[in-house]
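Structure record follows, encoded as structure tokens.
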């Protein structure tokens, strides 16, 4: 029985960047626990529209409730939190990230690593790419009784980012966000410092984009979805603009380019993938409660994600976005406007189709999650659109972000395997014999004579 | 202040005749009346508006008729519209697409999608790909608390929309049209206020179902026509002289986008309630002070500031001052309601995420409430009848739920 | 002869199909055993092989083919009944107290069933898709009621003996040699003289044919573990699509409503799947739903469709949730809705859900083939015709009476074609099964 992953290794190889990433994350949560004591104001915000350079310029400690939720889920703690939130009156229908966060709060705000998450001094509501963010922070404001800075980032509904949209965002930065940060920190914005941070952001973004582009190689040295969620961690959160991030991404890029040169496949939890059978583009966020099992369904079949859209929610670096220190506020505005989930569906379909072509994918899979209407509402339409644009069939699977009740392993495995076999059958079609004459509808027992 | 508007007098009709006409209009899925309106003069176009908010004055000023599209309700079977959406998403986009696929929206020249929530937002993109015969515009009404930037942005967006629509109707994008539109919608708003005042004062003469049909008619009638119709209805309804019944007065909250089916509204009343206030047709109702030309001079600025000064909180609008709960309590008191019925569509993030915040405030004030979910094509009302009935009974008996 | 085997483990039944080198179906087997999957596969496989061998024999029998075939299966069932009798005797005797009194009573009942075997296990019964356990169970139930009343026995205890024994009995491997059963069948029919000699000779020849399994593919819905070597498993969606297309070559869309899931599959002109959608997270709108309805109304499953067809005005049902099925029906009937109208509404609701799934999978193209247990329900078929026409225009809709074998047929065809999913070894190397 051949398996595409090199098995039998007692301990899976870990590249240095993996260790570095783990340390960064651990350091981040440890730092958060110390924020109060170090008198660093705490600001909660979201990954899409994450104005980390601005926050770092003010030396605040950023908290990302989405990240808390997904980290809780990966540690199997989200179900309890969600139950708690539903017990206190929240509907089963609503976003499980929100419920996970409220439940965690209700149970003492002990974060995913067991350290406490400090309460916010300011809720920086980057309203981009997701309507539910607004309701989330309205609820948190109730709990914490603190200030909210609303940054309304217009949806690019008509397909074009206009000067008026950009100006609107910049004006809000100038008149609402920055003043509130100044108030909470007691300092003025240091524009030079902001520019410095943006310079470093650019460097890291350049390296990350190279990492993702490496997947164009055959075989791909990375998994751009399951592996990708680890790569985007630092840059989507508190580290973008820092020296740590620059080091990390330089290191990561080096490793990936080395793997590419050596013709290695991606590292999976069960070892290096030795046989790349299916190259896929994946749309939609992953499931976090069964992340490993979910990934395994793919690599057990030799399927590698060569590109994904989830890795663009906090910035479309692979597609060319870079922060621009020469026009800091405008650049921050452009960054917020261009996050993947702030884009209209026709553009998202086109992005998927382009990736299928540019990364020479055999197919694409849409993972639709119950909680996230922003990603999910209309994905079936996108499925048909991308099929039309590429001529390649799409697969469709469903689960949820952090609510384990909505993840069915057998169900997803069945659909993924069926889809991959579908791709395989079509690929092998050339080797099929000519179609056999139809099995006619005859009564069962009229068969040709058999000589004994 | 503008000169008094001449409202065309409607012929004196009985309530039944009026309601019959309202029902016919409601059931006219194919928008035949819109077609007739368009045919009556050259250059007229009809622009569909998705819930919740639409810049009606701007559309009307351009010579286009704003037509609210609130889904197919329980009036159509949604099959192909369902193909675009998996589970866990509300029913509104499905039936709206079905209406489009069945050709029922062919009378419209285009659609405007506001940023109500992610579902409506994304629907704009789905629509673009699916109905090339419609022009599609997206508008993102400002959520920003910062008034100057919000005003500038909205002014810019509405001006662009006005010019675009005028290019389609062949009208000059002059301020005069905006001034007249403001006046006409002002008149309609006044009539709407008279209607809600009347409903609160004498709900026994104005059943929720009839009032609802009348307000749905506002979705597609020119403002002055609707104002006249509204007043005709009021006059006729007053003539009824029904006896007040011992029912509990309630505010209906949460059903502002995907609409509950009419039998649900009837069931709630039959179970022992008077629905004296609701947010069913927010968007064609006064949400705050009307555009005030005396203050703002420039009509577009007046429209922008009316939006920014809107006082009625909405689940789809950032609750800048954390006042939604207090505002609900104030509403309850203002209409002499005994309690609140929360009715949210399944999977509606805005309505459902708002509820716990609102119920907390109601609890603190000792205002009873009950909550249920629905879909626009719900067919079974037994459970809701029971729930509303139990609620009404316990409020009557104990003043609490 | 070289044969390829396809096995489909469904949620309620397990099917096996054998095809020859020309991809003709030579034998089929089916069981609804509730035992574990290994046993289910084994039973289905054996029946398919027996079926193939029997087919070899009866081709030469001309006019007697039908009667000998029917008699063969009756004889096989009689052997199983004998096993059941034996096991029942043991079970009854082992019961403390009442046991000795029960044993003869149970035996009398079973003896009656043996006498009625000819009609109970007739070709007509098999054609209706009735299984051994269900046929015997229903008859035992009725006879047990009579017997209990007459003999003053506890009905529940009598039934209990049967319940204990049937699981073992239905899974018994009937070891009697093919030829023995065949000759007994010939005798049962009462053939004489030259006709009998010819028949027996045909039976001997068939018994000597070597049925060699050279390929095997198994399929079945999403279980964590299917009892087949990993390399012999194909997706049930692909098998279903290919099988439906093989039965009805102009098929382009397949709708399968099974016991607990629904599938909408699009296939191309070669029977290869191009797109699919599944509703498999809850049983709403599937066969099990109809089972609940039947229970709720105290009707047989097969009575639902005909009754629903009598309706002139279907009730409006919006939910197909099995949890609320009972409540919804009771509510409607309590406000005066007629049973047939409620049923008609329920059938429409099931088909509405199926239509949504079809729409999501890409639509309904000519021709639509409707498979699965629910496809045997005439009201469901009627509703499907109506709704497809209303939403897509005229389409040919096929319902094949053998559609329960669709998945197994597709699996067998995949086995024959030896199409490598990229990790399947060359089919000739598969020695995992023996006849």
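Table: residues versus (1) touching a residue at least 60 places away in the same chain (Cβ under 8 Å); (2) surrounded by 19 or more Cβ atoms within 10 Å (Cβ to Cβ).
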{"position": "C:151", "(1), (2)": "no, no"}
{"position": "C:157", "(1), (2)": "yes, yes"}
{"position": "C:163", "(1), (2)": "no, no"}
{"position": "C:166", "(1), (2)": "yes, yes"}
{"position": "C:172", "(1), (2)": "yes, no"}
{"position": "C:175", "(1), (2)": "no, no"}
{"position": "C:180", "(1), (2)": "no, no"}
{"position": "C:185", "(1), (2)": "yes, yes"}
Within segment C:1-20, of all residues that are more than 28 Å from residue C:280 (Cβ to Cβ) and either in the same structural domain as residue C:71 (by TED's automatic domain parsing) or part of a loop (DSSP other than H, G, I, E, B) (or both), the one nearest to the chain's Cα centre (by Cα) is C:20
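Here is a yes/no grid of residues against (1) closer than 15 Å to residue C:410 by Cα; (2) touching a residue at least 12 places away in the same chain (Cβ under 8 Å); (3) assigned to a strand (DSSP E or B):
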residue	(1), (2), (3)
C:246	yes, yes, no
C:250	no, yes, no
C:254	yes, yes, yes
C:259	no, yes, no
C:264	no, yes, yes
C:285	no, yes, no
C:289	no, yes, no
Of the listed residues (C:332, C:358, C:307), the one being assigned to a helix (DSSP H, G or I) and away from every other protein chain (no Cβ under 12 Å) is C:307
The correct count of residues that are within 8 Å of chain B (Cβ to nearest Cβ), surrounded by fewer than 20 Cβ atoms within 10 Å (Cβ to Cβ) and without any contact (Cβ under 8 Å) to a residue 12 or more places away in the chain in segment A:113-145 is 1
Only one of (1) in contact (Cβ under 8 Å) with a residue 40 or more places away in the chain; (2) surrounded by fewer than 22 Cβ atoms within 10 Å (Cβ to Cβ); (3) within 14 Å of chain A (Cβ to nearest Cβ) does not apply to residue B:171, and that is (3)
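If I ask for residues that are at the interface with another protein chain (Cβ under 9 Å from one of its Cβ atoms) and more than 20 Å from the chain's Cα centre (by Cα), which ones from segment B:102-146 would you list?
B:122, B:125, B:126, B:128, B:129, B:130, B:136, B:144, B:145, B:146
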The residue that is farthest from the other protein chains (Cβ to nearest Cβ), considering only those in segment A:146-182 that are under 22 Å from residue A:60 (Cα atoms) and free of Cβ contacts under 8 Å to residues at least 12 places away in the same chain, is A:179
### Message
Criterion first (in contact with a helix residue (DSSP H, G or I) (Cβ under 6 Å, 6 or more places away or on another chain) and more than 12 Å from every other protein chain (Cβ to nearest Cβ)) does residue B:72 satisfy it?
### Response
yes
Residue count, segment B:347-382, condition crowded, with 17+ Cβ neighbours inside 10 Å and in a helix (DSSP H, G or I), comes to 13
Only unsatisfied item for residue B:385, checking (1) part of a helix (DSSP H, G or I); (2) more than 14 Å from chain C (Cβ to nearest Cβ); (3) closer than 29 Å to residue B:91 by Cα, is (2)
Residue hits (segment C:249-270; crowded, with 24+ Cβ neighbours inside 10 Å, within 12 Å of chain A (Cβ to nearest Cβ) and modelled with pLDDT under 95) are C:261, C:263
Residues of segment A:214-245 being in a helix (DSSP H, G or I), under 17 Å from the mean Cα position of the chain (by Cα) and under 26 Å from residue A:330 (Cβ atoms), in sequence order, are A:232, A:234, A:235, A:236
Counting only residues that are at the interface with another protein chain (Cβ under 10 Å from one of its Cβ atoms), at pLDDT 95 or above and under 21 Å from residue C:306 (Cα atoms), segment C:388-425 contains a total of 1
Cβ pairs under 6 Å, 6+ apart or interchain, first in segment B:343-356 and facing another protein chain (nearest Cβ under 7 Å) and in contact (Cβ under 8 Å) with a residue 24 or more places away in the chain, second part of a helix (DSSP H, G or I) and surrounded by fewer than 24 Cβ atoms within 10 Å (Cβ to Cβ), ordered by first then second residue, are B:349/A:132
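The values are calculated or read from the model by the stated rules, or taken from the named source; none is laboratory data. Just so it is clear, the model here is predicted, and its values are computed rather than measured. Cβ coordinates were reconstructed from backbone atoms using ideal geometry, including for glycine residues, and neighbour counts include every protein chain displayed.
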